[in-house]
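I have placed the structure first, in the form of structure tokens, so that the comments after it can refer back to it.
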Amino acid sequence: MDIGSPMAYCFVRRPSPMEVDPEVNMTRTLSVQEFAARKAACLPISMVTCYDHWSARLLAATDVDCLLVGDSVAMVMHGHDSTIHADLDMMALHTEAVSRGAGGKFIVTDMPFLAHRAGTPAAMAAVGRLVQAGAMAVKIEGAAGNLELIRHIVESGVPVMGHLGLTPQSHLVLGGHRVQGRDEQVAASILASAGQLASAGCFALVLECVPDTLAERVTQSVGIPTIGIGAGSGTDGQVLVLHDLLAVNETFHPRFVRQYGEGHRWVREAVDAFHRDVVSRRFPGPAETFS
Ligand code: KIV
């Protein structure tokens with residue numbers, strides 16, 4: 001890496017918010033322009049998934065930059081085995097619930113499986129529905145065949161976030177949920193696609209499950225921020241599924257997830273304590289009773 005490049009600067013030294021341009025917003029609401037400013041200032045962007053009203057309210061009180069109503073909602077909240085079961089109704093319903101609690105956080109919603117492949121009028125109707133539900137941007141998986149539509153969506157006033165690497169809606173073609181871009185041919189195609197998505201007007205780009213060296217190459221080659229998940233530390237931001245970082249599911253711990261809590265234990269202990277109080281008639285007590 002050229003040590004004089006902006007990216008090298010990001011690796012060498014992360015400036016504190018106090019040192020950077022005062023125009024760069026470090027408050028709780030991020031705009032599309034500020035995504036670019038964050039990259040220029042080497043200030044990482046954090047994003048977590050959010051699917052419902054009560055977690056939106058909790059996240060509204062955190063410093064996290066951006067909420068993603070991901071199509072992973074189909075797996076995490078509805079128990080499906082892949083994201084292809086998320087449809088427009090599901091995405092709009094969860095986006096509405098999130099937007100009623102998000103307190104101004106920037107909300108990105110996934111375009112669900114095939115919603116952007118059914119022709120421009122149908123795709124634009126889907127975009128309109130998600131934006132009216134509260135999305136401030138839509139995320140679209142893949143570049144091939146999507147570039148013209150992405151240009152049209154952006155020209156129509158709706159920001160688009162790209163998504164490359166492991167694109168779970170294509171898991172049938174990809175042969176499963178596996179790391180992408182280990183061989184040079186696929187890596188080159190991801191690199192080229194990233195440039196195409198940036199040129200088409202995407203304001204940011206998710207890189208999922210790619211080798212860290214490829215993620216760094218992509219990050220250095222595009223002017224828009226990259227947000228990684230399973231893509232190493234060289235991206236401009238990171239995203240995790242909220243339930244994964246809270247370890248709500250005890251048995252699910254992929255390598256790229258850092259668990260910041262013990263959600264499964266908190267829930268079990270709280271509910272078991274409630275149950276014990278009920279069966280021992282310690283709940284409700286006088287303080288919880290109308291006399
Ligand atoms: O749906 C989702 O949760 C996502 C993240 C993995 C980026 O797209």
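The values are calculated or read from the model by the stated rules, or taken from the named source; none is laboratory data. Just so it is clear, the model here is predicted, and its values are computed rather than measured. In this analysis, Cβ positions are derived from the backbone assuming ideal geometry, glycine residues included, and neighbour counts consider all displayed protein chains. The accessibility values were calculated without ligands, DNA or RNA, using every heavy atom of the protein model including side chains. Shrake-Rupley method; radii C 1.70, N 1.55, O 1.52, S 1.80 Å.
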Calculated FRET value between GLU288 and ASP87, using beta carbons and R₀ = 35 Å, to 0.05: 0.25
Specify the residue with the greatest mean-square fluctuation among ARG255, ARG100, ARG276, computed from a Gaussian network of the chain linking alpha-carbon atoms under 10 Å apart. ARG276
To the nearest Å², the heavy-atom accessible area per residue of region 6-260 with 1.4 Å probe amounts to 45 Å²
Length released on extending from TRP54 to ASN249, taking residue separation times 0.36 nm less the Cα-Cα span: 68.4 nm
Between GLU269 and LEU174, Cβ-based FRET efficiency (R0 45 Å, step 0.05) works out to 0.70
Heavy-atom accessible area of HIS264 with all protein chains present, probe 1.4 Å, nearest 10 Å²? 40 Å²
Where the centroid of each part is defined by its Cα atoms, how far is region 242-291 from region 168-225 in Å? 38 Å
Simple Cβ-charge dipole of region 94-198, Lys/Arg +1 and Asp/Glu -1, about Cα centre, in debye nearest 20: 240 debye
Calculated from DSSP H runs of 4 or more alone, at -39500 (n - 2.57) each and per residue, what is the 222 nm mean residue ellipticity of the chain, nearest 500? -11500 deg cm²/dmol
Share of accessible surface on carbon and sulfur in region 234-291, whole %, 1.4 Å probe and ligands ignored, is 58 percent
